[in-house]
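These notes are about the structure you will find just below.
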Amino acid sequence: MAGMSERPASGDLQPAPGGIMVDPAWHPSPRAKLLWAIGAALSWAFPFLALIVWMIVDPHRRTWQLWILVIAVLAAVFSIAVVPMWRYAVHRWEITAEAVYTRTGWFTQESRVAPISRIQTVDTYRGPLERLLGLATVTVTTASSAGAVHISALALDDARRTVTQLTEIAARHRGDAT
């Protein structure tokens, strides 16, 4: 990932035909898929626990319970197995001398461009799962009403290099970020 400010093959970010910005160059760490899958699996723990309790307490509604169980299992499999792969295919980020570019989402997608001159702070966040997997999220706070730009699920070394690179680039743009 050396030279993160350079695109791997196609040069500077330029509008594609039709005026749409080309994709940012970099994906999150491949471990992002595991992070998102574990997060999804944990989110299904309470609904399945509630369903099991209902099945124990109320054995007279087995047909409904089984239908709900089948639907819940299908939804859980989709959110644990498919959504993380989809998110990984969508999530991209890039830093140039002029801006930070991100694209996030899976069903609904968001592209953000934060000019370097507007950067106020650069932070690193590591939740318990991220620490377990050696990942970090870099948050770039700007003077914007749209809020911070998040570069999620980076390998820890990549996150550190990203923070250093952003700090160095922002220092060269000594504006007041307003």
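The values are calculated or read from the model by the stated rules, or taken from the named source; none is laboratory data. Given the structure is predicted, the values throughout are model-derived calculations rather than measurements. Quick reminder, even Gly has a Cβ in these numbers, built from the backbone with ideal geometry, and neighbours come from all protein chains shown. Keep in mind that these areas ignore ligands, DNA and RNA; they rest on the heavy atoms of the full protein, side chains included. Shrake-Rupley method; radii C 1.70, N 1.55, O 1.52, S 1.80 Å.
Sorting check: for 158-166, 134-142, which peptide has the highest mean count of neighbouring beta carbons within 10 Å, and how do the rest follow?
The packing order, highest mean first, is 134-142, 158-166.
Would you mind working out the accessible area per residue for region 83-178, using a 1.4 Å probe, and quoting it in Å²?
Result: 51 Å² of accessible area for each residue.
So for each of 48-61, 71-84 I average, over its residues, the number of other beta carbons within 10 Å; can you give me the resulting order with the highest mean first? Please report the intermediate quantities before stating the final value.
Working: 48-61: 11.1, 71-84: 14.4.
Descending mean neighbour count gives 71-84, 48-61.
What distance in nm separates the simple spin-label points at F78 and A97, each placed 7 Å from Cα in the Cβ direction?
4.7
Measuring from label point to label point, each 7 Å out along Cα→Cβ, what is the Q120 to M85 span in nm?
According to this spin-label approximation, the distance is 4.1 nm.
Quick check: net charge around L156, other residues with Cβ under 12 Å of its Cβ, Lys/Arg +1 and Asp/Glu -1? It would help to have the intermediate numbers written out before the result.
Working: positive: R31, R126, R131, R160, R161; negative: E130, D157, D158.
For residues surrounding L156, the net value is +2.
Return the carbon/sulfur percentage of the accessible area of region 12-132, one whole number, probe 1.4 Å, all protein chains in place. Could the numbers behind the result be given before it?
Values: 5180 of 7570 Å².
The value for region 12-132 is 69 percent carbon and sulfur by accessible area.
If I take R0 = 22 Å and measure r between the Cβ atoms of L69 and F107 in this structure, what FRET efficiency does the formula 1/(1 + (r/R0)^6) give, to the nearest 0.05?
The value I calculate is 0.35.
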